[in-house]
Amino acid sequence: MKKKIWGKRVLLPGGWSSNTLIDIDQNGKIKDIKKNVQPSNQVFDTLIPSPMNLHSHCFQRAMSGLSERSDSKTNDFWSWRNFMYNFLNKISPDHFEAICALAQMEMLEAGYAGVVEFHYLHNDLSGIRFHNISEMSQRVINASNKSGIGLTLLPVLYEQSGVKGGNLISGQDRFGLKLCEFNKLIEEVISLENKKGDFHIGVAAHSLRAVKKISLKELSKNFLNYPTHIHVAEQMKEVSEIYSAWSKRPIEWMVENLDLNEKWCLIHCTQMHDYEAKLLAKSGAVIGLCPITEANLGDGIFNGRNWLKEGGKFGIGTDSNVKISLFEELRTLEYSQRLKYKSRIVLKTANEYTIGRSLIESVLEGGMLASGRKTGKIQKGYWADILALDLTSFDYFDLNDNEKLDYLIFSEKDVVIDSVFSAGRLLVKNGKHINKKKIITNYKLALHEILKKL
Ligand SMILES: [Zn+2]
């Protein structure tokens, strides 16, 4: 549906623009932008591009609040993973769809226009294949039709339990596919109907430990034009396993053995050495950071200063969805870097901006590259992925436009998200998702049934 929205201040690719009218066509793309015009139609205080959430496992949203206990001798990523395996064995396709819709709704309310779903829950309980191998992928798409979120779906290849190629262990059965089954899945996903025109597809390998070397090389050759993602260098144990098997650190091995480019997104890289940052940045690959989840799981802190020094690009994702908050994600990212380097204003890429604007511009570009979606800019021909903010409280009085973004990220006390448009669809109004009641009702029912079985 065609619409026009007006902003008192609007962040365009060339900088801030006053009194600006954005014309959106019936497909959800930006058709025209007029500066210095009188307010009309839908009027907003501040409009900025709404970023992509470049990494999510929606089903893990339902684990929030359940995995902060200390039941085992070790409390680390691997014990959390055991809890996750147990949890997902209680989830039916209907539960999965209800959880996905809730997580996507919360992403929209947090200011994300779209999500890149790293989707690896393919099979029924005990690894039984569904009649249609794309059954669970269809559930992610169904959820996105309920929430309205822009979706890049990444079906994930998961073949083995460890770098030496062991059989899948209990808890991994629902992920496992052979390469030929994975190719069939992609074929089916491509043929799935989606009423939104902004649906995109990419591919992913779960991690270097979970796929065969030969499959990874096949995947990188067969899907040249698709966004391609992988979890890598997240945990020290994973790095040492790869090193002892292949005599290379994970990122080093990938740079030498795969044709990496800007279609690739490497998730986490919290265990990346300086020399690996140098090698990887030259390839153009994006790093996907998930600071809230990485803090929650004790992953470590990304080598941000060196990554930027080498010209590397990054975006952000909500990963485990333990807390879905765009501005908290950005704040956690910058604060973790300050603690690591005992310094301030670390992830700034451009001298003319303050840190807030720099962080936002970086994740807009990273999200665009990692999602394969024409997004991240309020510009003619781009999807109308737009975040409307209400920055009219006394806190923002007399701050300039860039300082307002700094206040928003580092000091804001209340929610200031007014509206969110994804490909022109108005999905969040006055801070609330348009289908909130129904999505929450379905989620509560699903969670109740899962917790009874846990
Ligand atoms: Zn992940």
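Read-outs throughout are calculated quantities, based only on the coordinates presented, and are distinct from any laboratory measurement. Since the structure is predicted, the reported quantities are computational estimates derived from the model, not experimental observations. Note: ideal-geometry Cβ built from the backbone for every residue, glycine included; neighbour counts use all protein chains shown.
Express in nm, to one decimal, how much length is gained between Y243 and E68 on full extension, taking 0.36 nm for each residue of separation and deducting their alpha carbon distance. Write out the running numbers ahead of the final one.
Values: separation 175, 0.36 × 175 = 63.00 nm, distance 3.09 nm.
Stretched out fully, the Y243 to E68 stretch lengthens by 59.9 nm.
Restricting to bridges with both residues inside the chain, how much of the DSSP beta-bridge set is antiparallel, in percent to the nearest 5?
Working: 27 of 62 bridges.
That works out to approximately 45 percent antiparallel.
Compute the relative contact order of the stretch 313-362 as a whole-number percentage, counting only Cα pairs closer than 8 Å that sit 6 or more residues apart in sequence.
Relative CO of the stretch 313-362 lands at 29 percent.
Taking 8 Å as the Cα distance limit and 6 or more residues as the minimum spacing, I'd like the relative contact order of the chain as a percentage.
21
Among the listed pairs K212/K313; K146/K380; K34/K263, give every one whose C-alpha distance is greater than 31 Å.
K34/K263
Loop-only chymotrypsin sites (Phe, Trp or Tyr not before Pro) in the stretch 315-368, please: DSSP not H, G, I, E or B, and at most 10 other Cβ atoms within 10 Å.
Answer in residue order: no site qualifies.
Of the cross-linked pairs K278/K348; K282/K342; K184/K221, which ones have a Cα-Cα span greater than 25 Å in the structure shown?
The answer is K282/K342.
Are there trypsin sites (Lys or Arg not before Pro) in the stretch 317-374 that DSSP puts in a loop and that have at most 12 other Cβ atoms within 10 Å, and which ones?
Qualifying residues, ordered by number: K342, R344.
Using label points projected 7 Å from each Cα along Cα→Cβ, tell me how many nm separate K34 and E187, to one decimal.
The modelled label-to-label distance comes out at 5.1 nm.
Normalised by the number of residues in the stretch 255-357, what is the relative contact order in percent for Cα pairs under 8 Å and 6+ residues apart?
Contact order relative to length: 25 percent.
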